[in-house]
């Protein structure tokens, strides 16, 4: 049941990719837009931050990205709950516990137009950053090197990877 709702989100993402900003007044777009909100209400209350984020999306691209984030988050929950998820091959258990910034990064990687090899390299780089940060004795020079490498892939995801590391650094300093 929950998996079917996730598939509905994924289908809306696929359908939305074909729209352009000048399509926003067409009946097909309006139906898609309404279906997006209905699908999100299947997971979240209208007063939730997720629903508000979708409502505040001012472009087709941001609506699609929010849907992708929600889909990735719900797939991660399925994995955490031990349920079967046929489309979750791109998510490992490690991915499912990475928090909102990590889920946003993984969603952005999936939405990149580049070839799948580049996406896989970027996903591996993000996983290396995450693994390095999980070490008890973090090698900050290595983390810095990996963060610099993330900019080789462009500005779509690199700032989010830096934010991920920064949040981790801040939380680690609060603990100490």
Give the residues of the stretch 136-170 that are in a loop (DSSP other than H, G, I, E, B) and farther than 14 Å from residue 124 by Cα, sorted by residue number. 136, 137, 138, 139, 154, 155, 156
Give me a count of the residues in the stretch 1-42 that are under 23 Å from residue 78 (Cα atoms), in contact with a helix residue (DSSP H, G or I) (Cβ under 6 Å, 6 or more places away or on another chain) and assigned to a loop (DSSP other than H, G, I, E, B). 1
So residue 93 passes all but one of these: (1) modelled with pLDDT of 80 or more; (2) closer than 29 Å to residue 52 by Cα. Which condition number does it fail? (1)
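The values are calculated or read from the model by the stated rules, or taken from the named source; none is laboratory data. Just so you know, these numbers come straight off a predicted model, no measurement behind them. Here Cβ is always computed from backbone atoms with ideal geometry, including for glycine, and neighbour counts include all displayed protein chains.
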